[in-house]
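One structure is given here, and the rest of the page talks about it.
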């Protein structure tokens, strides 16, 4: 089964600030709610080829996966593809300026489910959509709250 889900949220903070926070793997467990851990596997700054290992809980299962950055436009776009995962996926973060200095944050996840996730396919897209919406809401709370400054 193919899954292609997009979620977006307006955040009342400058685009550069929102993007920098969301694109930094050190912050992943602060706003991606299903994650138990995230660890950069490559040395140096964020760049295409950088790999991040993540451990998450999804649909009642523990999953471990490694994403590799395929595109990086600081402050605007980050694209990653799974290089080790239960099923192949691509995740894209995009950030656009909104009037008044805010940011439209968008996440798109797409891939082909296999194994258990293919069997769970009727619930998979809905669960991914719910997860992305919750993650963006957490990002908004973190960055609009006083603890982000």
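The values are calculated or read from the model by the stated rules, or taken from the named source; none is laboratory data. What you are looking at is a predicted structure, and each value in this text was computed from that prediction instead of being measured. Cβ atoms come from the backbone with ideal geometry, glycine included; neighbour counts cover every protein chain shown.
Restricting 141, 133, 129 to those that are modelled with pLDDT of 95 or more, touching a strand residue (DSSP E or B) at 6+ places or on another chain (Cβ under 7 Å), closer than 25 Å to residue 27 by Cα and surrounded by fewer than 17 Cβ atoms within 10 Å (Cβ to Cβ) reduces the list to 133.
Annotation: residue 42 fulfils all but one of (1) modelled with pLDDT of 95 or more; (2) closer than 24 Å to residue 86 by Cβ; the unmet one is (1). Residue 109 - would you say it is within 12 Å of the chain's Cα centre (by Cα), under 20 Å from residue 131 (Cα atoms), buried (at least 16 other Cβ atoms within 10 Å of the Cβ) and without any contact (Cβ under 8 Å) to a residue 40 or more places away in the chain? Taking the combined requirement at face value, the residue does not satisfy it. Looking across 54, 39, 13, one residue alone is in contact with a helix residue (DSSP H, G or I) (Cβ under 9 Å, 6 or more places away or on another chain) and in contact (Cβ under 8 Å) with a residue 60 or more places away in the chain. It is 13. Taking the criterion of being exposed (fewer than 13 other Cβ atoms within 10 Å of the Cβ) and part of a helix (DSSP H, G or I), the only residue of segment 4-27 that qualifies is 26. When residue 25 is tested against (1) within 13 Å of the chain's Cα centre (by Cα); (2) under 16 Å from residue 132 (Cβ atoms), just one condition goes unmet, and that condition is (2). Assessment of segment 78-99 against the conditions (on the phi > 0 side of the Ramachandran plot and out of contact with any strand residue (DSSP E or B) (no Cβ under 6 Å at 6 or more places or on another chain)) yields no matching residue.
Residues in segment 56-75 that are surrounded by fewer than 17 Cβ atoms within 10 Å (Cβ to Cβ), modelled with pLDDT of 95 or more and touching a strand residue (DSSP E or B) at 6+ places or on another chain (Cβ under 6 Å): 66, 70, 71. Taking residue 35 and the conditions (1) at positive phi; (2) crowded, with 16+ Cβ neighbours inside 10 Å, which numbered condition does it fall short on, given that it satisfies the others? That leaves (1) as the condition not met. Can you tell me which residue in segment 28-38 is farthest from residue 102 (Cα to Cα), limited to those that are within 11 Å of the chain's Cα centre (by Cα) and part of a helix (DSSP H, G or I)? Selected residue: 29.
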